[in-house]
1. Taking the condition farther than 26 Å from E29 by Cβ and either in contact with a Leu (Cβ under 9 Å, 6 or more places away or on another chain) or β-branched (V, I, T) (or both), does V140 pass?
2. Scanning for something under 24 Å from H143 (Cα atoms) and among the aromatic types (F, W, Y), does region 40-61 turn up at least one residue?
3. Does at least one position in region 85-94 carry a residue that is in a strand (DSSP E or B), closer than 17 Å to T136 by Cβ and not hydroxyl-bearing (S, T, Y)?
4. Could you list all residues from region 52-76 that are without any contact (Cβ under 8 Å) to a residue 12 or more places away in the chain and closer than 19 Å to Q19 by Cα?
5. Inspect all residues belonging to region 51-62 and state whether any of them is of a type in the set (D, E) and either assigned to a loop (DSSP other than H, G, I, E, B) or at pLDDT 90 or above (or both).
6. Of everything in region 20-69, what is β-branched (V, I, T) and either under 18 Å from L84 (Cα atoms) or in contact with a Phe, Trp or Tyr (Cβ under 6 Å, 6 or more places away or on another chain) (or both)? Give them in sequence order.
7. Can you go through I25, I74 and tell me which one is at pLDDT 90 or above and either touching a Pro at 6+ places or on another chain (Cβ under 7 Å) or among the β-branched types (V, I, T) (or both)?
Amino acid sequence: MKFTFLLVLFSLNFSAFGQEKYFLIEGNELNEATYQKAIMSNNFLEIDIEKAELNGKLNNKSFKAFYDVLSTSIGFVKGFKYRLTLGYLQRDVVNEQRFINYTQALAEGQGFYFYPDVLASPSWHFLEISGGDNETLRFVRKH
C-alpha cells in the first residue's frame with residue numbers, strides 16, 4: 001500500500017513538471033498587476049523542455065514548435081538557461097502582423113531562460129526567450 005501511494009505521489013509530482021503554461025507579459029512594466037493581467041489573457045505558451053516542444057496561442061491563433069536542445073546550464077538558485085535551435089514551426093495561416101512577428105521571434109529564439117525572482121516576486125516564475133534581432137519575449141506563470 002505504501003509503495004503504491006509513493007508511486008502515485010511521484011507520478012503526480014513528475015507530471016507537474018512535464019509541461020508548464022507561461023503567459024505573455026506585454027509592455028515594459030514588470031509588477032504584480034502586470035503579471036495578474038498576463039495570466040488572465042489568452043496569450044500563452046505551453047512548454048515541455050524535456051521534449052523540446054512548445055505550443056500556444058496569441059489572440060486565439062495557434063502555433064506549435066519543436067526545438068533541438070544544444071546545451072543546458074546548471075544552477076538552481078538563479079535559474080536554467082537552455083540554448084536551442086528550431087527544428088520545426090507550425091502556425092495558423094494568418095495575415096496579422098503581430099502574430100507573424102511573435103511567431104518569428106519564437107522561431108529565432110535561441111536562448112530560453114527559466115528563473116524564479118525570489119526576492120522581488122516570490123509567487124512567480126519567469127521565462128525569457130531571446131535571439132535574433134527581436135526583443136526579448138517575457139512570460140510568467142504563477143508559482
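The values are calculated or read from the model by the stated rules, or taken from the named source; none is laboratory data. Quick caveat: nothing in here was measured; it's all calculated off a predicted structure. All Cβ positions, even for glycine, are placed from backbone atoms using ideal geometry, and neighbour counts span all protein chains on display.
1. Working: farther than 26 Å from E29 by Cβ: no; either in contact with a Leu (Cβ under 9 Å, 6 or more places away or on another chain) or β-branched (V, I, T) (or both): yes.
So V140 fails the test.
2. The answer is yes, given that some residue of region 40-61 is under 24 Å from H143 (Cα atoms) and among the aromatic types (F, W, Y).
3. Residues of region 85-94 that are in a strand (DSSP E or B), as a first pass: 85-91.
Still in the running and closer than 17 Å to T136 by Cβ: 86.
From the residues that got through so far, the ones that are not hydroxyl-bearing (S, T, Y) too are 86.
There is at least one residue in region 85-94 that is in a strand (DSSP E or B), closer than 17 Å to T136 by Cβ and not hydroxyl-bearing (S, T, Y).
4. Applying the first criterion (without any contact (Cβ under 8 Å) to a residue 12 or more places away in the chain) to region 52-76 yields 55, 72-76.
N55, T72, F76 - these are the residues of region 52-76 that are without any contact (Cβ under 8 Å) to a residue 12 or more places away in the chain and closer than 19 Å to Q19 by Cα.
5. Let us first name the residues in region 51-62 that are of a type in the set (D, E), namely 53.
Checking the rest, the ones that are also either assigned to a loop (DSSP other than H, G, I, E, B) or at pLDDT 90 or above (or both) come to 53.
So far as region 51-62 goes, yes, one or more of its residues are of a type in the set (D, E) and either assigned to a loop (DSSP other than H, G, I, E, B) or at pLDDT 90 or above (or both).
6. Residues of region 20-69 β-branched (V, I, T): 25, 34, 39, 47, 49, 69.
Once the filter is applied, which keeps residues that are β-branched (V, I, T) and either under 18 Å from L84 (Cα atoms) or in contact with a Phe, Trp or Tyr (Cβ under 6 Å, 6 or more places away or on another chain) (or both), region 20-69 yields I39, I47, I49, V69.
7. On the way: I74 fails: at pLDDT 90 or above.
Just one listed residue meets the conditions, I25.
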